[in-house]
Structures are given as structure tokens and as C-alpha cells.
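The values are calculated or read from the model by the stated rules, or taken from the named source; none is laboratory data. All figures in this text were calculated on a predicted structure; none of them were measured in a lab. Quick note on the areas: whole protein, heavy atoms, side chains included, nothing else; ligands and nucleic acids left out. Shrake-Rupley method; radii C 1.70, N 1.55, O 1.52, S 1.80 Å.
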Amino acid sequence: MMLGRVQSVTLLRKDTEAAPSGSPASITVGTLTANSVTLLWGEVACLERNGDITGYTVTAANTDGVVKGTASVNTDARQATISGLTPSTQYTVSVAAVNGVGTGPATTLPVETEGERLKSIPYCAI
């Protein structure tokens, strides 16, 4: 039996043809204050990336669907803080992965910002 010599090997790679088909995993709230929320999340499943993930889009929208804050994040961070929110307000926060073609589906989480802290007023006895 004679074995042939391999002339070349071609590796097939699926090029980016579509936006991510999966959403980021396990979104959690890191810190929640009266005016901000910090989110952390896991990666999109490998087979749902449709190419290299180049970043993430993070948003906070109020109950009317009006976006009140956004952040764009590079792939290394996988955490973001959205500031400028209103105290004691319900928001839907979302994180979506981005690749060279577009933005994939978002993972969402409802949150409610804390109430505004009262400032102490000095008491003066007369």
C-alpha cells in the first residue's frame, strides 16, 4: 500500500455572513444606584456568533420604551454602566452583541433604580 503525499490543506472558515443569531448569556446587575446601573454578562454561544464579536450595545429604556441611556462596549469588557437615569424608575436594560454585519438579539432584564437619598439637614436648637 502506497501512501500519497498531501500537497495542501484548505481550512474552511465560515465568514461573517449575518449578524449574531444568539444573545449574550447570563446578564446580571453589578451595581444599582438612584441614577445608574452597571451590567455584567457572558459571551454569546460560539455557534451563534456568525463571525467575530466586535462589541456590545447596552441600553436602558423606561416602561414606555423610550431609551434613556446607551453604551457601546468592546469585546474585552463585557460590563457597562449606564448613568443619567431617574431615581425610583423601572427600566428594561438590554445587551446585544455586534459583529461586522450587524447587531444580534438582546438579552433583557427589568430593573428599578433606587430612590433618591435624602440629604441630612442640620438641626439647630434655639
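Each residue in the stretch 48-96 was checked for being farther than 14 Å from E112 by Cα and among the aromatic types (F, W, Y), and 1 of them qualify.
When the stretch 50-60 is limited to residues that are within 17 Å of T28 (Cα to Cα) and among the polar types (S, T, N, Q), the one that is least open to solvent (accessible area, probe 1.4 Å) turns out to be T59.
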